[in-house]
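Report on one structure; see the data block that follows.
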Amino acid sequence: MAVLGINYEGGGRDYDDNGNVIKTHPITYQSVYLKTHEDKFVFDSGDFIKDWFLAMKKFHTELDTEKADPFLSHSSSVNHFIMDGAPYSSAYLHMLGEEPVLKYVDKTQEHWVFSQADIYEGGDEFFVEDGTTPTWQELKSRCHHV
């Protein structure tokens, strides 16, 4: 099994006795890591989206074999990074025949967690800037891999 995680500092909020936010701690991104039972790879360009992309590429092109590490898990640091306020949204890579396509969950729909499970359960997770929905080709270009 391989594990994908994020190194960062900060994040979270302080609240007063009434539950009001009194201080927000900014997030400082450091790196993405990919750890196997034998190796640890660190992606630290300073660009979270690119580093995640390169870690996923490394897993799928070099490690996703029966001999190596055919399963990929996420460290809890991935959820914490997003929940602590990192300005990124998930995009899920799906194959439509031979065509790679990024799909996005529409969280404005009621019960989206149930009605759109095929999007997040059936695709590989990548990240994009909040409020954007690039295509797969646009994400690859942004990460300098055409």
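Among the GluC sites (Glu not before Pro) within segment 20-83, which fall in a DSSP loop and have no more than 14 other Cβ atoms within 10 Å of their own Cβ?
On the way: sites: GLU38, GLU62, GLU66; in loops: GLU38, GLU66.
When the GluC sites (Glu not before Pro) of segment 20-83 are filtered for loop state and at most 14 Cβ neighbours within 10 Å, GLU38, GLU66 remain.
Per-residue Karplus couplings for segment 115-130, computed as 6.51 cos²θ - 1.76 cosθ + 1.60 with θ equal to phi - 60°, are listed in order as 6, 10, 4, 4, 6, 7, 8, x, x, 7, 7, 10, 10, 9, 5, 3 Hz, Gly and Pro entered as x.
The string of couplings for segment 89-99 from the Karplus curve (6.51, -1.76, 1.60, θ = phi - 60°) is 10, 7, 10, 10, 7, 10, 9, 9, x, 8, 9 Hz, one whole number per residue in order, with x for Gly and Pro. Distant-in-sequence amide contacts of ALA91, defined by a placed amide H-H separation under 5 Å and a gap of 5 or more residues or a different chain, comprise PHE126, PHE127, VAL128.
Over segment 1-86, the pair-distance histogram of Cα-Cα distances with 5 Å bins from zero comes to 3, 14, 22, 20, 13, 10, 7, 5, 4, 2, 1 percent, rounded to whole numbers. Working note: Debye formula, equal point scatterers on the alpha-carbon atoms of segment 87-146, no solvent; log10 I(q)/I(0) at q = 0.14, 0.26, 0.29 Å⁻¹ is -0.39, -1.15, -1.29. Each Lys and Arg Cβ is given +1 and each Asp and Glu Cβ -1; about its Cα centre, the chain then shows a dipole of about 260 debye. Applied to segment 51-59, the Karplus parametrisation 6.51 cos²θ - 1.76 cosθ + 1.60 on θ = phi - 60° returns per-residue 3J(HN,Hα) values of 4, 4, 4, 5, 5, 5, 4, 4, 4 Hz, with x for Gly and Pro. Here the Kirkwood formula puts the hydrodynamic radius of the chain at 16.7 Å, using every distinct Cα pair. Projecting the Cα atoms of GLY46, LEU63, GLY5 onto the charge dipole of segment 1-86 (Cβ charges, centred on the Cα centre) puts LEU63 farthest toward the positive pole. The helix-only estimate of mean residue ellipticity at 222 nm for the chain, built from DSSP H runs of length n ≥ 4 each weighted as -39500 (n - 2.57), is -6000 deg cm²/dmol after division by the residue total.
For LYS23, the aspartates and glutamates whose Cα falls under 17 Å of its own Cα, not counting residues fewer than eight places away in the same chain, are GLU9, ASP14, ASP84.
Throughout, read-outs are computed from the coordinates displayed, never taken from laboratory work. Since the structure is predicted, the reported quantities are computational estimates derived from the model, not experimental observations. FYI the Cβ positions are ideal-geometry reconstructions off the backbone, even for glycines, and counts take in every protein chain you see.
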